[in-house]
Amino acid sequence: MFPYHDENETQRTPYVTIALIALTVLAWLFLQGAGTSLPLAQSVCELGLIPGELTASLAPGTPFSMGDGLVCLTDPGRQLSNVVTSMFLHGSWLHLLGNMWFLWLFGNNIEDAMTRPRFVAFYLLTGLAAALAQVMADPASPVPMVGASGAISGVMGAYLVLFPRVRVFTMVPLGFFITSMALPAWVMLIYWAFLQFAGGITSIASEQTGGVAFWAHLGGFAAGVVLIKVFERRDRVRAHLSQHWRPRHVGWR
(Lines give C-alpha, C1' and ligand atoms only; values in the text may rest on other atoms or scores of the structure.)
Protein backbone atom coordinates (compact mmCIF):
# COMPACT_ATOMS: atom_id res chain seq x y z
CA MET A 1 0.00 0.00 0.00
CA PHE A 2 1.18 3.50 -0.82
CA PRO A 3 -0.69 6.48 0.70
CA TYR A 4 -0.95 9.62 -1.42
CA HIS A 5 -3.54 11.87 0.27
CA ASP A 6 -5.35 12.33 3.56
CA GLU A 7 -8.49 14.23 4.53
CA ASN A 8 -6.76 16.21 7.26
CA GLU A 9 -6.48 19.95 6.71
CA THR A 10 -3.74 21.87 8.52
CA GLN A 11 -4.40 25.14 10.31
CA ARG A 12 -1.03 26.75 9.50
CA THR A 13 1.91 26.42 7.14
CA PRO A 14 4.15 23.50 8.24
CA TYR A 15 7.42 25.43 8.14
CA VAL A 16 9.40 22.86 10.16
CA THR A 17 8.28 19.97 7.96
CA ILE A 18 9.25 21.97 4.87
CA ALA A 19 12.63 22.86 6.43
CA LEU A 20 13.35 19.21 7.33
CA ILE A 21 12.56 18.13 3.78
CA ALA A 22 14.68 20.93 2.31
CA LEU A 23 17.63 20.16 4.60
CA THR A 24 17.48 16.45 3.76
CA VAL A 25 17.26 17.09 0.00
CA LEU A 26 20.16 19.55 0.17
CA ALA A 27 22.26 16.98 2.03
CA TRP A 28 21.47 14.45 -0.70
CA LEU A 29 22.36 16.82 -3.53
CA PHE A 30 25.47 18.51 -2.17
CA LEU A 31 26.85 16.19 0.51
CA GLN A 32 25.97 12.88 -1.09
CA GLY A 33 26.50 13.94 -4.69
CA ALA A 34 22.90 13.09 -5.64
CA GLY A 35 23.79 9.41 -5.35
CA THR A 36 27.05 9.30 -7.31
CA SER A 37 29.26 6.47 -6.16
CA LEU A 38 32.15 8.06 -4.25
CA PRO A 39 30.32 10.92 -2.44
CA LEU A 40 27.49 8.57 -1.53
CA ALA A 41 29.81 5.93 -0.07
CA GLN A 42 31.95 8.53 1.70
CA SER A 43 28.98 10.29 3.32
CA VAL A 44 27.37 7.04 4.45
CA CYS A 45 30.64 5.76 5.89
CA GLU A 46 31.68 8.96 7.65
CA LEU A 47 28.29 10.27 8.81
CA GLY A 48 26.12 7.15 8.96
CA LEU A 49 25.44 5.31 12.21
CA ILE A 50 27.45 2.09 12.57
CA PRO A 51 25.99 0.07 15.48
CA GLY A 52 29.26 -1.75 16.24
CA GLU A 53 31.07 1.58 16.33
CA LEU A 54 28.52 3.14 18.68
CA THR A 55 28.64 0.19 21.08
CA ALA A 56 32.42 -0.18 20.75
CA SER A 57 31.85 -3.81 19.74
CA LEU A 58 34.07 -3.44 16.68
CA ALA A 59 37.77 -2.70 16.67
CA PRO A 60 38.81 0.52 14.88
CA GLY A 61 39.60 -0.22 11.26
CA THR A 62 37.03 -3.02 10.87
CA PRO A 63 36.17 -3.08 7.14
CA PHE A 64 32.78 -3.13 5.44
CA SER A 65 32.49 -3.34 1.66
CA MET A 66 30.55 -0.45 0.07
CA GLY A 67 30.68 -1.87 -3.47
CA ASP A 68 32.62 -0.60 -6.50
CA GLY A 69 35.88 -1.49 -4.74
CA LEU A 70 35.14 0.92 -1.85
CA VAL A 71 35.57 -0.11 1.77
CA CYS A 72 34.31 1.64 4.91
CA LEU A 73 36.57 1.38 7.98
CA THR A 74 35.26 1.97 11.49
CA ASP A 75 36.76 4.93 13.34
CA PRO A 76 38.08 5.06 16.91
CA GLY A 77 35.48 6.29 19.40
CA ARG A 78 31.71 6.00 19.46
CA GLN A 79 30.92 8.82 16.95
CA LEU A 80 27.83 9.96 18.88
CA SER A 81 27.09 12.82 16.47
CA ASN A 82 26.42 10.27 13.73
CA VAL A 83 23.16 9.35 15.46
CA VAL A 84 21.84 12.74 14.30
CA THR A 85 23.66 13.14 10.98
CA SER A 86 22.48 9.70 9.83
CA MET A 87 18.86 10.93 9.97
CA PHE A 88 19.52 13.37 7.11
CA LEU A 89 21.30 10.95 4.76
CA HIS A 90 19.89 8.39 2.31
CA GLY A 91 21.08 5.51 0.20
CA SER A 92 19.29 6.14 -3.09
CA TRP A 93 16.84 8.41 -4.90
CA LEU A 94 13.99 5.98 -4.15
CA HIS A 95 14.93 5.90 -0.46
CA LEU A 96 14.97 9.71 -0.32
CA LEU A 97 11.76 10.36 -2.26
CA GLY A 98 9.76 7.73 -0.39
CA ASN A 99 10.80 9.09 3.00
CA MET A 100 10.20 12.71 2.07
CA TRP A 101 6.73 11.90 0.73
CA PHE A 102 5.74 10.16 3.97
CA LEU A 103 7.19 13.06 6.00
CA TRP A 104 5.13 15.57 4.04
CA LEU A 105 1.94 13.52 4.13
CA PHE A 106 1.93 12.89 7.88
CA GLY A 107 4.36 15.48 9.26
CA ASN A 108 2.32 18.57 8.46
CA ASN A 109 -0.55 17.46 10.71
CA ILE A 110 1.73 16.41 13.57
CA GLU A 111 3.57 19.72 13.40
CA ASP A 112 0.15 21.40 13.52
CA ALA A 113 -0.62 19.53 16.75
CA MET A 114 2.35 20.98 18.66
CA THR A 115 4.52 24.07 18.76
CA ARG A 116 7.24 24.21 16.13
CA PRO A 117 10.16 23.89 18.59
CA ARG A 118 8.43 20.87 20.12
CA PHE A 119 8.05 19.29 16.70
CA VAL A 120 11.79 19.64 16.07
CA ALA A 121 12.50 17.98 19.44
CA PHE A 122 9.88 15.29 18.80
CA TYR A 123 11.35 14.47 15.39
CA LEU A 124 14.90 14.19 16.72
CA LEU A 125 13.89 12.17 19.78
CA THR A 126 11.87 9.63 17.81
CA GLY A 127 14.77 9.39 15.35
CA LEU A 128 17.10 8.73 18.29
CA ALA A 129 14.75 6.05 19.66
CA ALA A 130 14.62 4.43 16.22
CA ALA A 131 18.41 4.36 15.95
CA LEU A 132 18.80 2.85 19.40
CA ALA A 133 16.21 0.17 18.63
CA GLN A 134 18.18 -0.89 15.56
CA VAL A 135 21.47 -0.83 17.50
CA MET A 136 19.93 -3.02 20.23
CA ALA A 137 18.74 -5.48 17.58
CA ASP A 138 22.23 -5.87 16.12
CA PRO A 139 24.80 -4.16 18.39
CA ALA A 140 27.89 -5.47 16.62
CA SER A 141 26.80 -4.70 13.06
CA PRO A 142 29.43 -3.04 10.82
CA VAL A 143 26.75 -1.82 8.39
CA PRO A 144 26.28 1.99 8.30
CA MET A 145 22.68 2.99 8.89
CA VAL A 146 21.20 6.08 7.20
CA GLY A 147 17.75 7.48 6.55
CA ALA A 148 14.96 9.60 8.01
CA SER A 149 12.55 6.67 8.17
CA GLY A 150 13.01 6.11 11.92
CA ALA A 151 11.99 9.68 12.78
CA ILE A 152 9.22 9.58 10.18
CA SER A 153 7.97 6.36 11.76
CA GLY A 154 7.67 8.36 14.99
CA VAL A 155 5.53 10.90 13.13
CA MET A 156 3.35 8.05 11.86
CA GLY A 157 2.97 6.66 15.38
CA ALA A 158 1.81 10.08 16.55
CA TYR A 159 -0.65 10.25 13.65
CA LEU A 160 -2.14 6.92 14.73
CA VAL A 161 -2.83 8.31 18.21
CA LEU A 162 -4.19 11.71 17.16
CA PHE A 163 -6.01 10.95 13.90
CA PRO A 164 -6.92 7.24 13.84
CA ARG A 165 -10.19 7.72 11.93
CA VAL A 166 -9.01 10.21 9.30
CA ARG A 167 -9.38 8.73 5.82
CA VAL A 168 -6.11 8.13 3.97
CA PHE A 169 -6.31 7.51 0.23
CA THR A 170 -3.99 4.66 -0.64
CA MET A 171 -2.91 2.89 -3.83
CA VAL A 172 -3.32 -0.85 -3.41
CA PRO A 173 -2.05 -3.43 -5.94
CA LEU A 174 -4.63 -6.08 -6.86
CA GLY A 175 -2.98 -8.59 -9.17
CA PHE A 176 -2.00 -6.75 -12.36
CA PHE A 177 -4.02 -3.67 -11.41
CA ILE A 178 -3.62 -0.84 -8.94
CA THR A 179 -6.71 0.58 -7.26
CA SER A 180 -7.28 3.45 -4.87
CA MET A 181 -8.91 2.93 -1.49
CA ALA A 182 -9.87 5.37 1.27
CA LEU A 183 -8.87 3.66 4.51
CA PRO A 184 -9.04 4.85 8.11
CA ALA A 185 -5.54 5.87 9.16
CA TRP A 186 -5.45 3.21 11.88
CA VAL A 187 -5.92 0.42 9.31
CA MET A 188 -3.09 1.61 7.09
CA LEU A 189 -0.69 2.40 9.93
CA ILE A 190 -1.22 -0.79 11.90
CA TYR A 191 -0.83 -2.81 8.70
CA TRP A 192 2.41 -0.93 8.02
CA ALA A 193 3.66 -1.62 11.57
CA PHE A 194 2.82 -5.32 11.17
CA LEU A 195 4.91 -5.45 7.98
CA GLN A 196 7.86 -3.92 9.85
CA PHE A 197 7.53 -6.48 12.63
CA ALA A 198 7.30 -9.36 10.16
CA GLY A 199 10.31 -8.01 8.27
CA GLY A 200 12.31 -7.71 11.48
CA ILE A 201 11.54 -11.29 12.51
CA THR A 202 12.45 -12.52 9.03
CA SER A 203 15.75 -10.64 9.07
CA ILE A 204 16.66 -12.26 12.41
CA ALA A 205 15.67 -15.72 11.23
CA SER A 206 17.71 -15.36 8.03
CA GLU A 207 20.60 -13.59 9.81
CA GLN A 208 20.32 -10.86 7.19
CA THR A 209 22.95 -8.10 7.30
CA GLY A 210 22.03 -4.69 5.97
CA GLY A 211 18.90 -3.80 4.01
CA VAL A 212 15.79 -2.26 5.57
CA ALA A 213 16.16 -1.23 9.23
CA PHE A 214 12.87 -2.79 10.37
CA TRP A 215 13.59 -2.45 14.09
CA ALA A 216 14.42 1.23 13.65
CA HIS A 217 10.98 1.71 12.07
CA LEU A 218 9.27 -0.07 14.95
CA GLY A 219 11.33 1.76 17.58
CA GLY A 220 10.50 5.13 16.07
CA PHE A 221 6.82 4.21 15.69
CA ALA A 222 6.56 3.12 19.33
CA ALA A 223 8.33 6.28 20.49
CA GLY A 224 5.88 8.41 18.51
CA VAL A 225 2.90 6.64 20.09
CA VAL A 226 4.32 7.18 23.59
CA LEU A 227 5.65 10.73 23.23
CA ILE A 228 2.88 12.46 21.29
CA LYS A 229 0.76 13.18 24.38
CA VAL A 230 3.78 14.80 26.03
CA PHE A 231 4.49 17.05 23.05
CA GLU A 232 0.93 17.85 21.96
CA ARG A 233 -0.10 21.49 22.45
CA ARG A 234 -2.01 22.05 25.69
CA ASP A 235 -4.58 24.29 24.01
CA ARG A 236 -5.29 21.51 21.52
CA VAL A 237 -5.81 19.05 24.37
CA ARG A 238 -8.25 21.42 26.09
CA ALA A 239 -10.14 21.95 22.83
CA HIS A 240 -10.39 18.19 22.32
CA LEU A 241 -11.67 17.62 25.84
CA SER A 242 -14.24 20.41 25.55
CA GLN A 243 -15.81 18.60 22.60
CA HIS A 244 -16.54 15.61 24.84
CA TRP A 245 -17.69 17.44 27.98
CA ARG A 246 -20.87 19.42 28.30
CA PRO A 247 -22.02 20.91 31.64
CA ARG A 248 -25.32 19.54 32.83
CA HIS A 249 -28.12 21.88 33.86
CA VAL A 250 -28.20 22.06 37.63
CA GLY A 251 -31.40 23.19 39.38
CA TRP A 252 -33.81 22.49 42.18
CA ARG A 253 -36.81 20.32 41.79
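Annotations
- Residues within the range 120-134 that are β-branched (V, I, T) and surrounded by 19 or more Cβ atoms within 10 Å (Cβ to Cβ), tallied: 1
- Among the residues here, V143 qualifies as among the hydrophobic types (A, V, I, L, M, F, W, C), in contact (Cβ under 8 Å) with a residue 24 or more places away in the chain and under 20 Å from F88 (Cα atoms).
- Counting the residues of the range 77-105 that are among the small types (G, A, S) and more than 19 Å from V16 (Cα to Cα) gives 4.
- Residue match in the range 116-126 (condition: of a type in the set (K, R) and part of a helix (DSSP H, G or I)): yes
- Counting only helices (runs of 4 or more DSSP H) that fall entirely inside the range 147-253 and contain at least 1 residues that are at pLDDT 85 or above and out of contact with any Cys (no Cβ under 7 Å at 6 or more places or on another chain), the qualifying elements are 149-162, 185-205, 214-231.
- The range 83-94, residues that are of a type in the set (A, V, I, L, M), crowded, with 18+ Cβ neighbours inside 10 Å and in a helix (DSSP H, G or I): V83, M87
- For the range 102-119, the condition holds for no residue, the condition being that it is surrounded by fewer than 19 Cβ atoms within 10 Å (Cβ to Cβ), within 24 Å of L47 (Cα to Cα) and among the β-branched types (V, I, T).
- Those residues of the range 34-46 which are without any contact (Cβ under 8 Å) to a residue 60 or more places away in the chain and either within 18 Å of V135 (Cβ to Cβ) or not hydroxyl-bearing (S, T, Y) (or both), in sequence order: A34, G35, L38, P39, L40, A41, Q42, E46
Yes/no per residue for (1) aromatic (F, W, Y); (2) at pLDDT 90 or above; (3) in contact with a Leu (Cβ under 8 Å, 6 or more places away or on another chain); (4) surrounded by 13 or more Cβ atoms within 10 Å (Cβ to Cβ):
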residue: W28; (1), (2), (3), (4): yes, yes, yes, yes
residue: L40; (1), (2), (3), (4): no, yes, no, yes
residue: L54; (1), (2), (3), (4): no, yes, yes, yes
residue: M66; (1), (2), (3), (4): no, no, no, yes
residue: L70; (1), (2), (3), (4): no, no, yes, yes
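The values are calculated or read from the model by the stated rules, or taken from the named source; none is laboratory data. On a predicted model such as this, the values are computed, not experimentally measured, just so you know. Using ideal geometry, Cβ is built from the backbone for each residue, glycine included, and neighbour counts are taken over all protein chains shown.
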